[in-house]
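Written below as structure tokens is the structure these notes are about.
The values are calculated or read from the model by the stated rules, or taken from the named source; none is laboratory data. Model, not experiment: these values are computed from the prediction. Don't worry about glycine lacking a Cβ; one is built from the backbone with ideal geometry, like all the others, and counts go over all protein chains shown.
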Amino acid sequence: MAFANVSDIVATTIESRSKSVADNVTKNNALLARLEQKGKVKPFTGGSKIMQELSFAENSNAGYYSGYDILPVGVSDVISAAEFQIKQAAVPVVISGLEMLQNSGKEAMIDLLESRITVAESTLSNLISSGLYSDGTGAAGKEIDGLDAAVPVDPTTGTYGGIDRSTWTFWRSATDTATAIDASTVQGAMNAMWSTLVRGTDRPDLIMVDNTFWAAYMESLQAIQRFTSSDSAALGFPSVKFMDADVVLDGGIGGYADAGTAYMLNTNYLHYRPHSKRNMVNLSPNKRYATNQDAEVSILAWAGNLTSSGCQFQGRITSA
């Protein structure tokens, strides 16, 4: 039979490309590209949830002493963990019996499958990129817990990572929804937000904006020199500087950034956590046949989530 191993071709092709597909996903989004640069792409290996360690308090034993003073050595509970659900995504690559017959030559079959797999890869990459802006409630709660969950419009309510924001103030991000953003107000709003997020050398390093916010910021820079970032430019993302952070346009055609919004992010406290065995891989090496159709299927799959270990270092400006 000329096409007995067609699903094997699909499966092995997906498997051989899985590493490059995973790399392309991170390169498809400025946030993921920055997290990879900083070693914040950390696959997990198992468990019912993704545990993200965080420090929520200072050590209460710290203090001054003199000579033979007794030093406190009591237990100080300062480390905990946020718990994030494992989210899953997949896209099937399907070929029908008729298409197998129509593409009878070996080269024709490979060309057809190559095109289908390429489309599947880009589709899943875009799905994850859009999910990075979600609040995690899409698709009946199956979508990634993205920036809209980590840095919400109202950071005083709701539960994120299993931690109730209304109870724990350290888990609240900063927000500004009162300023109408245009060229005359954008830098003032960014200055005010920046100052609330700085702690010593800890400060935002990436600012993700949509078309509207980008246009306002660029217009505010018309009369002065623009400082661009070679690091972000090398990744293919349009960017300029605010303080020493990269302001990156994630709008344009098919952009996913929220309208009139800037996310001011400290990526030291954000983490991309794909599963080590489900990061853009073939879901099953076995052939999958439709029970009532003349077709074969292979599935490109991903599992993981975006997590945070420091919400208080993240900010959001949304135009009033």
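A few remarks follow.
Here is a yes/no grid of residues against (1) more than 21 Å from residue 309 (Cβ to Cβ); (2) among the charged types (D, E, K, R); (3) assigned to a helix (DSSP H, G or I); (4) at pLDDT 95 or above:
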site: 121; (1), (2), (3), (4): yes, yes, yes, no
site: 124; (1), (2), (3), (4): yes, no, yes, no
site: 127; (1), (2), (3), (4): yes, no, yes, no
site: 145; (1), (2), (3), (4): no, yes, no, yes
site: 148; (1), (2), (3), (4): no, yes, yes, yes
site: 153; (1), (2), (3), (4): yes, no, no, yes
site: 167; (1), (2), (3), (4): no, no, no, no
site: 170; (1), (2), (3), (4): no, no, yes, no
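- Evaluating residue 25 against the criteria (1) within 24 Å of residue 301 (Cβ to Cβ); (2) modelled with pLDDT of 80 or more; (3) touching a strand residue (DSSP E or B) at 6+ places or on another chain (Cβ under 7 Å) leaves one unmet condition, (2).
- There is at least one residue in region 173-194 that is closer than 26 Å to residue 247 by Cα and charged (D, E, K, R).
- Taking region 116-163 as the range and being among the acidic types (Asp, Glu) and either touching a residue at least 24 places away in the same chain (Cβ under 8 Å) or crowded, with 22+ Cβ neighbours inside 10 Å (or both) as the test, the residues that pass are 121, 143, 145, 148.
- Test: residue in region 88-101 that is farther than 27 Å from residue 151 by Cα and at pLDDT below 70: no
- In region 48-81, the qualifying residues are those that are among the charged types (D, E, K, R) and modelled with pLDDT of 70 or more, and the one that is farthest from the chain's Cα centre (by Cα) is 69.
- Hey, residue 247 part of a strand (DSSP E or B), surrounded by 19 or more Cβ atoms within 10 Å (Cβ to Cβ), at pLDDT below 90 and over 15 Å from the mean Cα position of the chain (by Cα) or not: no
- Residue within region 254-274 that is over 19 Å from the mean Cα position of the chain (by Cα), modelled with pLDDT under 85 and at negative phi present: no
- Qualifying residue in region 183-191 (condition: in contact (Cβ under 8 Å) with a residue 12 or more places away in the chain, among the hydrophobic types (A, V, I, L, M, F, W, C) and farther than 21 Å from residue 133 by Cβ): yes
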